[in-house]
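Where a number appears in this text, it was derived from the coordinates with a stated rule and is not lab data. For clarity, every value in this text was computed on a predicted model and none was experimentally measured. Quick reminder, even Gly has a Cβ in these numbers, built from the backbone with ideal geometry, and neighbours come from all protein chains shown.
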Amino acid sequence: MHLVAVANPNPKAYLFVAMALFVLGAVGLLSRRNVIVMFMCVELMLNAANLTFVTFARMMGDIRGQAIVFFTMVVAAAEVVVGLGIIVSIYRRRKAVTAEEASLLKG
Amino acid sequence: MGEWIVLVLGAAFALLGGLGVILLRHPVHAALMLVQSLFGVAMLFVAQQAHFLAAVQVIVYAGAVVVLFLFVIMLIGVDRAEDIRVEPLKGQRPLALFVAALGLVELIAIVAMQNDFGGVLPKTFEGTNVEQVSAMVFSDYLYAFEITSILLVVAVVGAVVLARRAPRHIDQTVDQQIDGAP
């Protein structure tokens, strides 16, 4: 019986991986200055959320969790397109893509 | 046993890649580490029988999205390394780590204490994974699927408008622009 327990990892393990990935992305988003790298960190966090969806879909035996991840990927692709467009237009005006350059709204 | 191996390998890929994204100074290196991380997540999808999503993950994320990132990095010429020793705001890094540690503790507490996720033993789906996902997307989520096409068109139009150069003679009237006056 012990061997059976070893053969199948508890699905919670995937939740812990997703959690670590999400926190990594959050740290990067909060501490990097390059806007493009910050954007990559957002992608990391999105992927952590996707992994959580897939894990719950498996735990509950419900395929809808995977269908939702499919839609999340579509939205993420649209988000990347618009976000990179914004980054390009920031670069046109400021000739730099660090976050502290875009400080016009600072009080 | 096999699933353990895939789990450990995939988690190592994903987390080391994530560390690389946030620690490497060069944006191109960060993008390449992002590929590794996304590939690790795809491995974890495979380990959980989400075969369709794993394929889409590799094609859409590791393929299209990261290529788009690299394209923009090359286009605007930020192939110079960022000096990550400079702190953008005073005390931002420690504060970021503190907030992240707080969130981590919270998440660990939630997941570790909660045991009723609707069954801990992994259940296997009937039929192939691709058939199941497509049956769900094209029946229950058909309207959402159609609306995503609108979303993609809006995103493409928005990107074109954002990346367009500003018109050169912004102070011209419409008639002057039509006549082609300088």
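Once both labels are positioned 7 Å from their Cα atoms along Cα-to-Cβ, the gap between A:Lys95 and B:Val28 label points is 2.3 nm.
Considering only A:Met19, A:Cys41, A:Gly83, and ranking their Cα positions along the charge dipole of segment A:1-83 that arises from unit charges at the beta-carbon of Lys, Arg, Asp and Glu, the one farthest toward the positive end is A:Met19. Taking a Cβ cut-off of under 13 Å around A:Ala102, the surrounding Lys, Arg, Asp and Glu residues balance to a net charge of +4, with basic ones at +1 and acidic ones at -1. Computed over segment B:1-42, the Cα gyration tensor eigenvalues convert (square root of 5λ each) into semi-axes of 23, 8, 5 Å, ordered from largest to smallest. Can you check what the net charge comes to around B:Val65, using other residues whose Cβ is under 15 Å from the Cβ of B:Val65 (Lys, Arg +1; Asp, Glu -1)? Net local charge, B:Val65 excluded: -2. For chain A, the average shadow cast by the Cα convex hull is 9.0 nm², which is a quarter of the hull's surface.
The charge dipole of chain A, taken about the Cα centre with unit charges on the Cβ atoms of Lys, Arg (+1) and Asp, Glu (-1), comes to about 340 debye, rounded to the nearest 20. When trypsin sites (Lys or Arg not before Pro) are flagged only if DSSP places them in a loop and at most 11 other Cβ atoms lie within 10 Å, the longest unflagged stretch of chain A comes out as A:1-94.
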